[in-house]
Each structure stands twice: as C-alpha cells, then as structure tokens.
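The values are calculated or read from the model by the stated rules, or taken from the named source; none is laboratory data. All figures in this text were calculated on a predicted structure; none of them were measured in a lab. Cβ placement follows ideal geometry from the backbone for every residue including glycine, while neighbour counts extend to all protein chains displayed. SASA here: full protein model, heavy atoms, side chains in, ligands and nucleic acids out. Shrake-Rupley method; radii C 1.70, N 1.55, O 1.52, S 1.80 Å.
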Amino acid sequence: MRLSLVNMATIVSLNVSAGGVPKRPIPEARVTGSGMEGDQQAHRDVHGGPDRALCIFAIEEIEAMQAQGHPIMPGSIGENVTVRGLDWKTIEPGMRLRLGEVEVYITKYTTPCKFIRESFADLNPLRVSQDYFPGSSRVYARVMKSGTVRVGDQVEVLSQ
C-alpha cells in the first residue's frame, strides 16, 4: 500500500566519500545492497553493511540547525541521501521508503560520532542523537530493491 504525500518529497543531495566526512555531492548513483556506488566508510565496524547500506537525513533538519548557527551542510555528517518534504519526525525504523527506483527499509537511528563534530558550532554531535533530540536523527536503511537514484527523484513512504 502506498501512502500519499500532501507535498511531493524529493532527493535534494546524494553524497559519497572515499572514507569519512564530509561526503561530497554527486548528481546520481547506483545503489545496491552494499550501498551507494562510489561511497566508502572509514570505520566499517560501525558504518556500512547490509543494515547500514544507506544513511538518510532531511534537509529541513539541516536548515534548522544552520539557523541555530551550526555549520552543517548536506553530506557533512555522513548521510548518503538528503531528502526534502517528509515529516522527518515520523520517519522511524520499520518503515519502507522509495527513493527514485530504489526501495529501502529503515533499520535504525544512527549513533552520532566524534568525526562529525565539525558540523556543530559547539562541536557536540549529540545534536543529531535520537536520544537527546528525538526526530532529529539520521537513519540507516537496508536496500530492498537496487536501482539508480538522482537528485530531484521523488521520495515515497511505502509503509509505516
């Protein structure tokens, strides 16, 4: 069952790196169960793998933090996919999303680490901790259907 969205949600940034942060923007990428093509993780013990193939975050959360004086940008805290138009506070583990051609299953909230501290004015990455700021965390996802994603692609909530 597909849930309709009042406003169309879209991908606003796709981000990859050779390992670590910040991740740099790219216009499109192939996504498989291993993650986004061209993306590497510096600390494979806590990043990557099937249940953490993609990291997803909302531009609205980034913009709210920028308004508070934080130097955060899309990709600076390690997300692969930055989206606009979802009610981010309702996105949680167990949900399924379609990102362009790709279908994902949200597996867990991310745990902030010290390597993203430069994105915060006070150098405190807990600003994106689900425990301290519920609804402001990035999420990890398992890829259920591989495909290509592009900036501007539609994002759909498939199940809650």
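For region 82-101, what are the residues that are part of a loop (DSSP other than H, G, I, E, B), under 18 Å from I59 (Cβ atoms) and either in contact (Cβ under 8 Å) with a residue 40 or more places away in the chain or touching a strand residue (DSSP E or B) at 6+ places or on another chain (Cβ under 8 Å) (or both)?
Scanning region 82-101 gives G85, L86, I91, G100.
Search region 63-81 for residues that are within 17 Å of G19 (Cα to Cα) and pair each with any residue that is open to solvent by 10 Å² or more (accessible area, probe 1.4 Å) and of a type in the set (V, I, T) when their beta-carbon atoms are under 8 Å apart and the residues are at least 6 apart or on different chains.
That search, which allows pairs on different chains as well, returns P74/V12; P74/I59; G75/V21; S76/V21; I77/V21; G78/V21.
Among the residues of region 136-160, which ones are open to solvent by less than 10 Å² (accessible area, probe 1.4 Å) and under 13 Å from E61 (Cβ atoms)?
Residues satisfying the conditions are S136, S137, V139.
When V104 is evaluated against the numbered criteria (1) hydrophobic (A, V, I, L, M, F, W, C); (2) in a strand (DSSP E or B); (3) open to solvent by 20 Å² or more (accessible area, probe 1.4 Å), which criterion, by number, is the only one it fails?
So the condition that V104 fails would be (3).
Could you tell me which of the residues D87, D51 is open to solvent by 20 Å² or more (accessible area, probe 1.4 Å), of a type outside the set (A, V, I, L, M) and under 20 Å from G38 (Cα atoms)?
Selected residue: D51, the only one of D87, D51 that is open to solvent by 20 Å² or more (accessible area, probe 1.4 Å), of a type outside the set (A, V, I, L, M) and under 20 Å from G38 (Cα atoms).
Testing F115 on (1) surrounded by fewer than 19 Cβ atoms within 10 Å (Cβ to Cβ); (2) at pLDDT 95 or above; (3) farther than 12 Å from S137 by Cα, one condition comes back false. Which one is that?
The number of the failed condition is (2).
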